[in-house]
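Participant: Shown below is the structure under consideration.
Nothing in this text is a laboratory measurement; each read-out follows from the coordinates by a stated rule. These numbers were taken from a predicted model, which means no experiment stands behind them. Glycine gets a Cβ as well: all are built from the backbone with ideal geometry, and neighbour counts include every protein chain shown.
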Amino acid sequence: MPNDYFNETKQTNLVFWSLGQMLKGAGYAAAFVIAISLFVWAIYLVGLLLPEESRQTPSPYGSLETPLVAEGHDLA
């Protein structure tokens, strides 16, 4: 009985290398998603530390939120 269990062929070596590269890329992607999640979570926590009055102020985008009405025309 041949004892070549640990002998890798070129094809097996290529399969292991490509699997390692895919797992490395998945690890980088997971680290990126975790970093973005931590950043958003930190912004949320800083927002919780702000005083209540800051949440009750009018929107800074008020001029963008007002409906446009044509002058001199009755829309009703």
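Participant: How large is ³J(HN,Hα), in whole Hz, for each residue of the range 11-28 in order, when computed from phi with the Karplus curve 6.51 cos²θ - 1.76 cosθ + 1.60 and θ = phi - 60°, using x for Gly and Pro?
Facilitator: With the stated coefficients, the range 11-28 comes to 5, 5, 4, 5, 5, 5, 5, 5, 4, x, 5, 5, 5, 5, x, 5, x, 4 Hz.
Participant: Using 7 Å Cα-to-Cβ label points, what is the TYR61/THR9 separation (nm, one decimal)?
Facilitator: So the two model labels end up 6.0 nm from each other.
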